[in-house]
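Q: The structure follows.
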Amino acid sequence: MEDWAWLERRHWASRIVNDLCHVTGLETHYQQITSKEFHMPVTLTASQVREAMLRANGFSFAGNGSVSSAAVGTLFHRVLAGLLSHESPCSMEAALRDLDPDLPLWRRTLRQHTYDHLVGPLLTQQAASMQSHGRQVLDLWQATQAACDWLAGLWWEFTQLGTTAIRQQDWCASEKSLLCELRRPDWQDSVTLVGQADALLMIPQKHLNCLLEWKLGKTNPEVDLGQACLYHLMLHGDMGHRQDSTLAVVSFKPELEESYFEARHLVEAQGRLIDLIGSLAGVVKSPTLAPKHQNPQGMTTAYNARESQHIKPHVQATANSGLAWIGRPRSDVPEPVQPPTPDWILKLQESTLRVLRSFGAPCRLLKPPVVGPAFARMFVFPERGITNSRVLSQADQLHLHLALSGRPLMSVVEGAIGIDVPRPDRQSIPFSQLLPLLNASGDGTGSSRIPVGVDLNGDWKWCDIAGSESAHLLVVGISGSGKSQWLRTALAALMVTNTPATLELVVIDPKMNSFTFLRGSPFLRRPVVVPGDDYIEILTDLVEEMERRYMALAQSNAQSLTQHIEVTGEPLTRLVCLCDEYADLLSGAKSKAEKTQIEELFKRLAQKGRAAGVHLILATQQPRANIITTAIRANLPAKVALRVSDAKESRIAFEENGAECLLDKGDLYYKCIGRPIRLQSAWLPTEEEPLAGTRAVEAETVRVS
């Protein structure tokens, strides 16, 4: 424990120095604040820098392990985050603290604990999206077992060192935010790097502390070294020249593989990494990059890693590959163009900071605001000693004191706290603006992509119903939220990018007026279904069609609709069943038995339909628990949540609060893999409805001729 005590002393000494600098003010800070021309730092995320490193030399994440899907990789990170968070009821400490000091017992217990409280429940929640990932799910469990054994071994080492009554929080921390501000003499602005480390651990048997990045499946050694170099810079800042710090990358392929990178190998490439960051942020004064640096001595750094300053590792291992490609001039790395920021959001930022300060949650601006079609997002960072939860709890105060039309949505995004406020001059997105982005696949199978909405950066997000992670959709939203317009736009986009030979639609419309533009459409398998039609007969027909397709897939030895078409060359349409007002459909059942039968038919289609090319889109104004049952919700992996009545309905829709504060008219949350993202959808005006039928008319003309 002498090493640990030394680390603690160095930690507190560093804190004292930082506090003195904070009180007295560094010269570079003073010059920036008092200069006539004030520039706000450009903010880059660790993900953006990592992607630029990959593009710089065409690297991919190819390695020696098995391919891991994004969904399985996300589950793996959630499992390890649950184990390492000392505040979680599923933590390692909860499983091991009362056991006798027996390493095999610890490993067996931690494995069982992890399956019972983390892996099992998460797989149950994601059952629909995991159906086609059997191999990856097996790799996930094997990797989880290896991680449990490894973590139990680390804790065991502390007991061998004579440490008594040690707590989990004393030697590990999960998902720590990192913030590093870089300045260079040849830069016109400073650059703020933000990111989140998967874990910070002390590894006793190697006498070092490590920042860890969990990897499941394939890895690339050079990419790992580049990422280690980046996090080393963020963790140590201007202390990056130290030779006693080590970073580790822990991979599971699914067996354990540890890579340790010494500081001397990381610092060699750090100058080139800083050049790349300056070019990516567009802050370099000269049009050409600065010459190659041997170390980052020409840079000043302001560093704040919240509670992670105590990690100062010792020397351990080597890394024999270089990063000569970092910092190469590249013509395909564009200079970012910042549009002018509206005056109203600049004034609102000042008022927001003033309100937060007056209620004991002082923050500073982290980067310029971003203005989207429906709302603007401000990015703030808590001042020293202020927790995220304290800032996030001020939404009601901001709503009142800023006189906003709606309660602001606040969440942790991109290493900052994002505050979403309504835009006073809201813009809409008609279908005609989306039309140039809608293209058929060109392979004879049509397109399976549905436009969900546009994000703050102007990028469209798509839902590919051919993928297991988004094969079926649940759409919720009260009257006026834009739910019906979203459904109309989704169908119109599918019709534009397909022909009747590649797409069939079954539309159930209890309201009888939302999809009038489909009347007589050649895409319809049958006329639009309205009250009075036999719902059970229609759904039974879909189930029978699904079973016929599975028979065809078995004969062609194919795993999906696309593969069947490639093998046989025979056309087979993708079949989409859209049901608006699902709650109204169930309430109209003549008996409880009929209602149960309708639910069972929908559930069966959701469970088995994807591979056969049969997809469900269920929409409702009332996402109550007795309407959207657990079985239905688990088998509709993609969720589109427009405004709902209350927070309870929001949690039923996509397992989080927030949808009750959306702004109507297409403002939505989309959740497929990972955290939900906020988007603005397009809408289909009546005068643009003929655009959806253009391709169908052309296809019919070609087929007749």
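Q: Just need a number here: residues in the stretch 116-138 that are at pLDDT 85 or above, closer than 16 Å to Leu216 by Cα and either in contact with a His (Cβ under 9 Å, 6 or more places away or on another chain) or open to solvent by 40 Å² or more (accessible area, probe 1.4 Å) (or both).
A: Residues that pass the stated criteria total 1.
Q: Another question about this same structure. For residues that are charged (D, E, K, R), open to solvent by 60 Å² or more (accessible area, probe 1.4 Å) and in a loop (DSSP other than H, G, I, E, B), tally how many sit in the stretch 384-423.
A: Taking the stretch 384-423 as the starting set, the residues that turn out to be charged (D, E, K, R) are 384, 390, 396, 407, 414, 420, 423.
Checking the rest, the ones that are also open to solvent by 60 Å² or more (accessible area, probe 1.4 Å) come to 384, 390, 396, 407, 414.
Then keep just the ones that are in a loop (DSSP other than H, G, I, E, B); that gives 384, 407, 414.
Residues meeting the conditions: 3.
Q: Also, I was wondering about something else. Looking only at residues in the stretch 614-632 that are among the β-branched types (Val, Ile, Thr) and over 18 Å from Ala490 (Cα atoms), which one is most open to solvent (accessible area, probe 1.4 Å)?
A: Thr630
Q: Across the stretch 390-445, what is the number of residues that are farther than 30 Å from Ala492 by Cα and of a type in the set (Gly, Ala, Ser)?
A: Residues flagged as farther than 30 Å from Ala492 by Cα and of a type in the set (Gly, Ala, Ser) within the stretch 390-445 amount to 9.
Q: Could you check the stretch 444-475 and list, in sequence order, the residues that are in a strand (DSSP E or B) and small (Gly, Ala, Ser)? Steps first, answer last, please.
A: Here is the first cut: in the stretch 444-475, the residues in a strand (DSSP E or B) are 449-454, 460-464, 473-475.
Within the stretch 444-475, Gly453 is the sole residue that qualifies.
Q: Kindly check whether there is at least one residue in the stretch 433-447 that is closer than 23 Å to Glu687 by Cβ, surrounded by fewer than 20 Cβ atoms within 10 Å (Cβ to Cβ) and touching a residue at least 60 places away in the same chain (Cβ under 8 Å).
A: Among the residues of the stretch 433-447, at least one is closer than 23 Å to Glu687 by Cβ, surrounded by fewer than 20 Cβ atoms within 10 Å (Cβ to Cβ) and touching a residue at least 60 places away in the same chain (Cβ under 8 Å), which makes the answer yes.
Q: Right, something else. Please list, ordered by first then second residue, the pairs with beta carbon atoms under 9 Å, 6 or more apart or interchain, first in the stretch 411-432 and free of Cβ contacts under 8 Å to residues at least 40 places away in the same chain and closer than 10 Å to Arg377 by Cβ, second surrounded by 17 or more Cβ atoms within 10 Å (Cβ to Cβ) and not aromatic (Phe, Trp, Tyr).
A: What qualifies is Val413/Arg377.
Q: So which residues in the stretch 539-565 are of a type in the set (Ser, Thr, Tyr) and either modelled with pLDDT of 90 or more or surrounded by fewer than 17 Cβ atoms within 10 Å (Cβ to Cβ) (or both), if there are any at all? Steps first, please.
A: The initial filter retains those residues of the stretch 539-565 that are of a type in the set (Ser, Thr, Tyr), namely 540, 550, 556, 560, 562.
Thr540, Tyr550, Ser556, Ser560, listed by residue number.
Q: Of the conditions (1) touching a strand residue (DSSP E or B) at 6+ places or on another chain (Cβ under 9 Å); (2) touching a residue at least 24 places away in the same chain (Cβ under 8 Å), Gln397 satisfies every one except a single condition; which number is it?
A: (1)
Q: Looking at this structure, is Ala611 of a type in the set (Gly, Ala, Ser), surrounded by 15 or more Cβ atoms within 10 Å (Cβ to Cβ) and in contact with a Leu (Cβ under 8 Å, 6 or more places away or on another chain)? Before the answer, list the steps.
A: Working: of a type in the set (Gly, Ala, Ser): yes; surrounded by 15 or more Cβ atoms within 10 Å (Cβ to Cβ): yes; in contact with a Leu (Cβ under 8 Å, 6 or more places away or on another chain): yes.
Yes.
Q: Taking the condition of being open to solvent by 50 Å² or more (accessible area, probe 1.4 Å) and at pLDDT 90 or above, how many residues in the stretch 568-583 meet it?
A: Residues meeting the conditions: 0.
The values are calculated or read from the model by the stated rules, or taken from the named source; none is laboratory data. It should be emphasised that the depicted structure is a prediction, and the values quoted were computed from it without experimental measurement. Using ideal geometry, Cβ is built from the backbone for each residue, glycine included, and neighbour counts are taken over all protein chains shown. The protein model used for the area step is the full one, side chains on, heavy atoms only, and it has no ligands, DNA or RNA in it. Shrake-Rupley method; radii C 1.70, N 1.55, O 1.52, S 1.80 Å.
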